[in-house]
Amino acid sequence: MYDNQSEKYKKQYGELKPIDIHKYMLIIGAKEVEEIKRLASLLQDKTWCHVNSTFDGGGVAEMLKSVVPIAKGLGIKCKWFSIEGSENFYSITKRFHNIIQGLDQQFTIEDLLETYLETNKKNFINQRIVADMTIVHDPQPCASIVHGNYEGKMIWRCHIDTSEANEMIWNFLLPYINNYDGSIFSQRSFVKKGIKKPVYQIAPAIDPLSVKNRQRSEKEGYDTLSGFWSKYKIDPDRPIILAVSRYDVHKNQETIIQSFKKLKKDKIIRDLKPILIIVGNSATDDPEGIEMYRKIQAVADNDPDVYTLLNIENNDECIGALMKVAKLFVHISTKEGFGLVVTEALWQGTPVIGSDIGGIKLQVINGKTGYLVNPHNIHSIVTFMKYLLINADEREKLGYNAVEYVRENFLITTLVKKYLILMRFLLGIDYPYFTI
Ligand code: UDP
């Protein structure tokens, strides 16, 4: 295990320097900035740690890259640790992830005892984490509450939908979860029964000042992408339908391609010549990514209008720009804890066709910020793709609403604010208003 202040981290990812909360003033307003400062005032020099399983790739790492600097800027000692494990450990925890989300996967006793628990133990052989509050993210390091080495208040933060988790794995994790002082879920309906400690609700969020999420004009977006267009031989004048996510079975990229292929058969659409761009990466804690990418390429089957891209260069700048210039964004996962990509696209003012499940439902408000569909209903996906492609006014209206909806609900400043309220509660300073 190592942390963001170690040389190893700095060499690979650079430094997470403190960010001044006043930088968000123009986006969230002075009143909100003052409220966050007030909440942080009694937490000066307190220690707040995070533990997860990757510094790179996926939504958790994305958020921590902003949460840690903002907390530091507010005068809190904030540190981020990531556990390390073998390929086998990540393969097992990926199966945990899948089985919690309802897929049928197998484990052996050795997987659980020798690999999962041993990895949680080994990471703490030379490490003790002493903090006023430590947030442990997701199942990978969950058992470290018992097998690790901590001092201080401990919270388990679950980013996935556990509502239909397999009983065996849930019963395996429950004693660990119940050892924490409490847990956080993105929404009430994700909580499977059996948790005996307080449960808090905090939605994930995006950083509006990050390279990816800073708001840009369409022209700036197109200009940023000039190298991208030539590298992938893409004609930027053609309307873009965009999807961005890890290559993962639950992200359902296969149905996006099938829907697009069907959409192209429509006479009106044929004249518009849209293209589908699917951008994906593979998180270091996700061993199935490359295999899934090959499968998706096979589904695309060399269709000249479908671009399936992996680990693009200048990732953050290009993703933000693509989200700005795309006519619409599609995210039709079959399971989704939240779906930060949806927030990111909405924040760039691009309407989203999203599946009617999990955290996507919190963000895609039917007819207001986009359209909700059943993730397997190709007919309705195609219908909304067509409707949005040919209706510029509707796109503009939904895009405007989308930006305001994200501003109200899903910016990183709101996330930090809720964590501060929780920390004050855990330290006996005052009470949270978001218990569920
Ligand atoms: N992402 C990225 N490049 C890619 C694919 C995804 O930067 O090629 C980012 C994406 O912009 C988002 C995060 O990875 O910030 C994925 O978070 P999300 O909550 O959507 O899904 P998760 O991977 O956590 O299931």
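Those residues that are small (Gly, Ala, Ser) and within 12 Å of Lys79 (Cα to Cα), I need them from the stretch 1-47; list them, please.
The answer is Ser6, and nothing else.
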### Task
Could you please find all residues in the stretch 34-54 being open to solvent by less than 10 Å² (accessible area, probe 1.4 Å) and more than 13 Å from the ligand (Cβ to nearest atom)?
Ile36, Leu39, Ala40, Leu43, Trp48, Cys49, His50, Val51
### Query
Counting only residues that are in contact (Cβ under 8 Å) with a residue 60 or more places away in the chain and within 11 Å of the ligand (Cβ to nearest atom), how many does the stretch 349-364 have?
2
### Query
Looking at the stretch 112-135, is at least one residue modelled with pLDDT of 95 or more, open to solvent by 50 Å² or more (accessible area, probe 1.4 Å) and assigned to a strand (DSSP E or B)?
yes
### Query
Which one of Ala326, Ala298 is under 27 Å from Glu218 (Cα atoms) and at pLDDT 95 or above?
Ala326
### Query
Of these, Asn149, Asn88, which one is touching a Phe, Trp or Tyr at 6+ places or on another chain (Cβ under 8 Å) and surrounded by fewer than 17 Cβ atoms within 10 Å (Cβ to Cβ)?
Asn149
### Task
Output the number of residues of the stretch 186-215 satisfying the condition of being part of a loop (DSSP other than H, G, I, E, B), surrounded by fewer than 18 Cβ atoms within 10 Å (Cβ to Cβ) and of a type outside the set (A, V, I, L, M, F, W, C).
8
#### Entry: Every residue from the stretch 272-284 that is touching a helix residue (DSSP H, G or I) at 6+ places or on another chain (Cβ under 6 Å) and within 10 Å of the ligand (Cβ to nearest atom)
Ile278, Ser282
### Task
Identify, from the list Lys65, Lys79, the residue that is surrounded by fewer than 22 Cβ atoms within 10 Å (Cβ to Cβ) and in a helix (DSSP H, G or I).
Lys65
### Message
Anything in the stretch 251-271 that is within 16 Å of the ligand (Cβ to nearest atom) and open to solvent by 10 Å² or more (accessible area, probe 1.4 Å)? List them, or say none.
### Response
Lys251, Asn252
#### Entry: Residue in the stretch 385-393 that is surrounded by 18 or more Cβ atoms within 10 Å (Cβ to Cβ) and not in a helix (DSSP H, G or I) present
no
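If I filter the stretch 36-57 for residues that are in contact with a Lys or Arg (Cβ under 8 Å, 6 or more places away or on another chain) and of a type in the set (Ser, Thr, Tyr), do I get at least one hit? Don't jump to the end; show me each part of the working.
The initial filter retains those residues of the stretch 36-57 that are in contact with a Lys or Arg (Cβ under 8 Å, 6 or more places away or on another chain), namely 36, 39, 42-43, 45-50, 57.
Narrowing further to those that are of a type in the set (Ser, Thr, Tyr): 47.
Yes, the stretch 36-57 contains at least one residue that is in contact with a Lys or Arg (Cβ under 8 Å, 6 or more places away or on another chain) and of a type in the set (Ser, Thr, Tyr).
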### Query
Checking Lys368 against (1) more than 16 Å from the ligand (Cβ to nearest atom); (2) in a helix (DSSP H, G or I), which test does it fail?
(2)
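Going by the conditions given, is Ile332 touching a residue at least 40 places away in the same chain (Cβ under 8 Å), open to solvent by less than 10 Å² (accessible area, probe 1.4 Å) and within 11 Å of the ligand (Cβ to nearest atom)? Full working, then the answer.
Values: touching a residue at least 40 places away in the same chain (Cβ under 8 Å): yes; open to solvent by less than 10 Å² (accessible area, probe 1.4 Å): yes; within 11 Å of the ligand (Cβ to nearest atom): no.
No.
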### Message
Kindly evaluate Gly399 against the criterion of being of a type outside the set (Ser, Thr, Tyr) and either within 28 Å of Cys158 (Cβ to Cβ) or touching a Ser or Thr at 6+ places or on another chain (Cβ under 7 Å) (or both).
### Response
yes
### Identity of the residue in the stretch 335-348, open to solvent by less than 10 Å² (accessible area, probe 1.4 Å) and of a type in the set (A, V, I, L, M), that ends up nearest to the ligand (Cβ to nearest atom)
Val342
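Residues checked against (1) in contact (Cβ under 8 Å) with a residue 40 or more places away in the chain; (2) over 28 Å from Glu164 (Cβ atoms):
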{"residue": "Gly73", "(1), (2)": "yes, yes"}
{"residue": "Cys78", "(1), (2)": "no, yes"}
{"residue": "Glu87", "(1), (2)": "yes, no"}
{"residue": "Thr93", "(1), (2)": "yes, no"}
{"residue": "Phe124", "(1), (2)": "yes, yes"}
{"residue": "Asp132", "(1), (2)": "yes, yes"}
{"residue": "Asp138", "(1), (2)": "yes, no"}
### Query
Which numbered condition trips up Gly58, out of (1) without any contact (Cβ under 8 Å) to a residue 40 or more places away in the chain; (2) surrounded by 15 or more Cβ atoms within 10 Å (Cβ to Cβ)?
(1)
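Any idea which residue in the stretch 300-326 is nearest to the ligand (Cβ to nearest atom), counting only those that are within 30 Å of Asn88 (Cβ to Cβ) and open to solvent by 40 Å² or more (accessible area, probe 1.4 Å)? I'd like the intermediate steps shown before the answer.
As a first pass, look at the stretch 300-326 and keep what is within 30 Å of Asn88 (Cβ to Cβ): 308-312, 315.
Add one more test, that the residue is open to solvent by 40 Å² or more (accessible area, probe 1.4 Å), and what stays is 310-311, 315.
Details: Leu310: 8, Asn311: 7, Asn315: 5 Å.
The extreme case among them is Asn315.
Pick out the one residue from Leu415, Leu420 that is closer than 30 Å to Ile36 by Cα, in contact (Cβ under 8 Å) with a residue 24 or more places away in the chain and within 15 Å of the chain's Cα centre (by Cα). Working first, answer last.
Values: Leu420 fails: within 15 Å of the chain's Cα centre (by Cα).
Going through Leu415, Leu420 in turn, the sole match is Leu415.
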### Extreme residue, most open to solvent (accessible area, probe 1.4 Å), among residues of the stretch 152-167 that are within 16 Å of the ligand (Cβ to nearest atom), of a type outside the set (D, E, K, R) and touching a Ser or Thr at 6+ places or on another chain (Cβ under 8 Å)
His159
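Does the stretch 227-241 contain any residue that is surrounded by 24 or more Cβ atoms within 10 Å (Cβ to Cβ) and under 27 Å from the mean Cα position of the chain (by Cα)?
If we filter the stretch 227-241 for residues that are surrounded by 24 or more Cβ atoms within 10 Å (Cβ to Cβ), which is where we start, we get 241.
Filter once more, so that each one left must be under 27 Å from the mean Cα position of the chain (by Cα): 241.
Yes, the stretch 227-241 contains a residue that is surrounded by 24 or more Cβ atoms within 10 Å (Cβ to Cβ) and under 27 Å from the mean Cα position of the chain (by Cα).
The values are calculated or read from the model by the stated rules, or taken from the named source; none is laboratory data. Not measured: the values here are computed from a predicted model. Virtual Cβ from ideal backbone geometry, glycine too; neighbours counted across all protein chains shown. Just so you know, the surface numbers come from the protein's heavy atoms only, side chains and all, with ligands and any DNA or RNA stripped out. Shrake-Rupley method; radii C 1.70, N 1.55, O 1.52, S 1.80 Å.
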